Amino acid sequence: MAITVNSVDWNGISSDEQQKIRDIIGKNFDGQTVEVGEAPLQADAGNACTTACNIAQQAAQIACNALPWPASTVCNYAAEKAGDFCRSQC
């Protein structure tokens, strides 16, 4: 599954920061990648699955916050969308 981030935001950060975001999302959300585009994902509710998705999202966002701005903002957006997708699968 690919997590779509805003192209303007993505293109506003360095390739090194882009790779760090890809690594963070891939590490915390198994099998998910980051792609550039405009299509948002929707979130659904669940139970223990939702809790696991929330924890993974929070772990990713903690790692994202170690990046400088604006990369941290793009990364946090990607982590949020990955969390949304994860919860939609519950």
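Values for this structure:
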item	result
Every residue from the stretch 41-73 that is within 18 Å of residue 2 (Cβ to Cβ) and either modelled with pLDDT of 85 or more or in a helix (DSSP H, G or I) (or both)	53, 56, 57, 60, 64
Counted residues, the stretch 55-73 - those being closer than 14 Å to residue 8 by Cα and out of contact with any Cys (no Cβ under 9 Å at 6 or more places or on another chain)	1
Test: residue 76 is within 26 Å of residue 11 (Cβ to Cβ), among the polar types (S, T, N, Q) and at pLDDT 80 or above	yes
Search result, residues across the stretch 24-40 that are more than 11 Å from residue 78 (Cβ to Cβ) and modelled with pLDDT of 85 or more	27
Residues (at pLDDT 85 or above and surrounded by 18 or more Cβ atoms within 10 Å (Cβ to Cβ)) located in the stretch 1-19	17, 18
Tabulated pairs, the stretch 64-90, first without any contact (Cβ under 8 Å) to a residue 12 or more places away in the chain, second part of a loop (DSSP other than H, G, I, E, B) and among the small types (Gly, Ala, Ser), C-beta under 9 angstrom, 6+ apart or interchain	72/66
Members of the stretch 1-17 that are in a helix (DSSP H, G or I) and touching a residue at least 24 places away in the same chain (Cβ under 8 Å)	7, 9, 10, 11, 17
Residue list for the stretch 59-85, restricted to those being crowded, with 20+ Cβ neighbours inside 10 Å and among the hydroxyl-bearing types (Ser, Thr, Tyr)	77
Residues that are assigned to a helix (DSSP H, G or I), of a type outside the set (Asp, Glu) and surrounded by fewer than 21 Cβ atoms within 10 Å (Cβ to Cβ), drawn from the stretch 21-40	22, 26, 27
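The values are calculated or read from the model by the stated rules, or taken from the named source; none is laboratory data. Only a predicted model underlies this, so the values are computations on that prediction, with no experimental measurement involved. We place every Cβ from the backbone using ideal geometry, glycine too, and count neighbours over all the protein chains shown.
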